[in-house]
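Data block below; observations after.
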Amino acid sequence: MESPVVDVVEGKISGKHCKTSNNTDYFTFKSIPYAKPPVGVLRFAAPQPPEPWDGVRDGTKDCNICAQLDRESFQVGGLNFGFVPTVEDDGDWEPFLTKSPYDLLKQGEIHKVPYMTGYCDREGLLMMYSIHKATFDTLVRDKDFLSLLPFDLDNSQKTELQTKLKNIYLEGVNKYNESDFYAIDFFSDVDFCGGIFASAELISKHISPLYFYEFSYDGKLNYLKKKLNIDRKGACHGDEGGYLVKSGLLQGDITDTDRLVRERMCRMWTNFAKFGDPTPTIDEVITTTWEPLAETGFNCLMIDDKLSMKEDARTERTKLFQELFSKCSKR
């Protein structure tokens, strides 16, 4: 098939013919510049439109990687150096957030568009296979949940909260009969699910529809479990990505169920992008209507080897974090 050539504002660019895992044809275009290189007087300056070019630009190859992206050095928990939570002044150049995220969500100062969010059932597995392993092991040994909470608490609250945390996590459901299940559950919540549930509740008061999911399928395309060689059951943080985006990391044979879950995920996510509704029709692949959050309850699509709806996905764990976010944001 002849290489495609398209026109962009700055000139012509050639692409490449590719095929998906399902043998569907598509065209890809790479190395399309979106701004002038940030060098010289443009370093740390506002981006400027790219220069036009003559002829046909080669868009079949990856462009140079940004100089600041160094995956081998300065790793912090699997991520490069980040930054502390920052609220910028309105007068700053391109301020990103001028109020706290919690206040923005609570006050509805957000774009009013259909919204989808969710989590993997064992997000906290990530902590066992990163440089935070020592922190994980300390929690398993000492069971001191309170010291790991990212909240500024009064001393009068701490004793009661520590007792509540131990009751919730140590007496929780040990689904896979593991001695450290409570640590996995806690890090799932403190790092991911607590904020996900709290933000979804706030957003749902200003946006409709809001679609919420739990991904628990454990197959051969679970991305981070494969990448980090995680040998525990359940779906780790980021595992659903392997069913949405093709990766060279995910090689080898997969099962028919893996293919079905991949087809479901891709279908629902692209339906949401196209129609604002992930399940506009029901068929042999999409077997369940994904109901958005309602005024009561906390509707959640459970994504495993089968699809099912749960009327209220909130638990004592998530309710505790919603309460903590609400209390601590008022200070």
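Hey, can you grab everything whose amide H is under 5 Å from the amide H of residue 31? Only 5+ residues off in sequence or another chain; H modelled, so Pro and N-termini drop out.
63
Over region 5-58, what relative contact order in percent results from Cα pairs under 8 Å that are six or more residues apart?
Reported as a whole number, the value is 41 percent.
So what's the convex hull volume per residue for the Cα atoms of region 233-331, in Å³?
That works out to 166 Å³ per residue.
Spelling out what I want: for every residue of region 146-151, take phi, set θ = phi - 60°, compute 6.51 cos²θ - 1.76 cosθ + 1.60 (Karplus), and round to whole Hz; glycine and proline get x.
Values per residue, Gly and Pro as x: 4, 5, 9, 6, x, 10 Hz.
Looking at the square roots a ≥ b ≥ c of the eigenvalues of the Cα gyration tensor of region 95-227, which shape do they give, rounded for a/c under 1.5, prolate if a/b is larger than b/c, or oblate?
oblate
Would you work out if region 175-283 is rounded, prolate or oblate? Take a ≥ b ≥ c from the square roots of the eigenvalues of the alpha-carbon gyration tensor; rounded if a/c is under 1.5, else prolate when a/b is larger than b/c, oblate otherwise.
Oblate, because a/c is 1.5 or more while a/b does not exceed b/c.
In terms of modelled amide H atoms, which long-range or inter-chain residues lie less than 5 Å from the amide H of residue 8?
13
Can you pull the Rg over Rh of region 130-169, Cα-only, Kirkwood?
1.01
Hey, could you pull the Cα Rg and Dmax for region 3-45, both in Å?
15.3, 47
In whole Å, what three semi-axes, largest first, describe the equivalent ellipsoid of region 80-162 built from its Cα gyration tensor (square root of 5 times each eigenvalue)?
In descending order the semi-axes read 31, 19, 16 Å.
Going through region 1-46, which trypsin sites (Lys or Arg not before Pro) have at most 10 other Cβ atoms within 10 Å and a DSSP loop state?
Passing both the DSSP loop test and the Cβ count: 43.
Restrict the search to region 120-180; then list the chymotrypsin sites (Phe, Trp or Tyr not before Pro) that DSSP places in a loop and that have at most 11 other Cβ atoms within 10 Å of their Cβ.
176
With θ taken as phi - 60° and the coefficients 6.51, -1.76 and 1.60, list the Karplus ³J(HN,Hα) couplings across region 102-118 in order, rounded to whole Hz; mark glycine and proline as x.
The phi angles translate into 4, 5, 4, 5, 5, 8, x, 8, 9, 5, 8, 10, x, 9, 10, 8, x Hz.
State the label only: which of (i) 21.5, 69; (ii) 22.9, 72; (iii) 20.0, 64 corresponds to Rg and Dmax of the Cα atoms in Å computed from the shown model?
(ii)
In whole Hz and in residue order, list the ³J(HN,Hα) couplings for region 285-299 that follow from phi through the Karplus curve 6.51 cos²θ - 1.76 cosθ + 1.60, θ = phi - 60°; x for Gly and Pro.
Using θ = phi - 60°, the values come out as 8, 8, 9, 9, 7, 7, 7, x, 4, 9, 5, 10, x, 8, 3 Hz.
Counting other C-beta atoms within 10 Å, and keeping those with at most 15, which DSSP coil GluC sites (Glu not before Pro) do you find in region 98-192?
The qualifying sites are 109, 171, 178.
Laboratory data are not the source of any read-out in this text; all were calculated from the coordinates shown. It should be emphasised that the depicted structure is a prediction, and the values quoted were computed from it without experimental measurement. Because the Cβ atoms are built from the backbone with ideal geometry, glycine has one as well, and the counts that use them run over all protein chains shown.
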